[in-house]
Amino acid sequence: MSQTKGARLFRETWIAGVRQHFPGEPKAGYVTPWDDTPQWERDAAGAVYDQIRQFVEISGGHTLRLSREQKSRFVATCWTAQMFKHFEDPSPGYVADWPDLPSWQRETDADIFEAIEKTLS
């Protein structure tokens with residue numbers, strides 16, 4: 001899968017996860033469709049997709065044995081690095097450590113990892 005298709009998969013899975021796990025009505029920016037997503041966010045999604053893909057491949061597919069928490073932590077850490085890349089002074093919510101993320105976001109991050117992992121199995 002190309003990085004662009006992977007980035008779209010990342011974004012579509014994010015939106016589905018937000019709709020499933022977010023308590024109440026999510027902010028509009030959380031569920032912005034791909035075509036309206038800012039370029040920096042598309043680039044970040046593509047980079048994190050690539051990191052997950054490489055991790056799964058380097059692990060010989062054994063990432064299936066990781067817990068959802070481990071998968072979620074990996075996505076969150078990769079995303080945080082992208083926020084530091086794209087913003088000089090990112091807002092604290094963009095770079096919060098995994099334990100400080102809301103549960104809906106931790107679940108959505110695990111969904112993203114598993115959706116990408118599934119395409120590689």
- Spatially proximal aspartates and glutamates relative to K85 (Cα-Cα < 20 Å; intrachain offsets below 8 disregarded): E41, D43, D50, D97, D109
- In nm, what is the difference between 0.36 nm times the number of residues separating D100 and W40 and their Cα-Cα distance? 19.2 nm
- Message: Please report the spacing between the Cα centers of segment 1-45 and segment 76-96 in Å, no decimals.
- Response: 16 Å
- At most 11 other Cβ atoms within 10 Å and a DSSP loop assignment: could you name the GluC sites (Glu not before Pro) in segment 65-121 that fit? E88
- Between the helical axis of 103-120 and the dominant principal axis of the chain, each derived from Cα atoms, what acute angle in degrees is found, rounded to the nearest 10? 40 degrees
- Query: When we measure straight from the Cα of K118, which lysines land under 21 angstrom away, once same-chain ones fewer than 8 places off are left out?
  - Reply: K5, K71
- Task: Output the Cα-based Rg and Dmax of the chain in Å, rounding Rg to one decimal and Dmax to a whole number.
- Result: 13.5, 39
- Chain lengthening between H62 and K27 when straightened (0.36 nm per residue, less Cα-Cα): 9.1 nm
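Bear in mind these aren't lab numbers, they're just calculated from the coordinates by the rules spelled out. Values in this document were obtained by computation on a predicted structure and should not be read as measured data. No Cβ is skipped: glycine too gets one built from the backbone with ideal geometry, and neighbour counts run over all protein chains shown.
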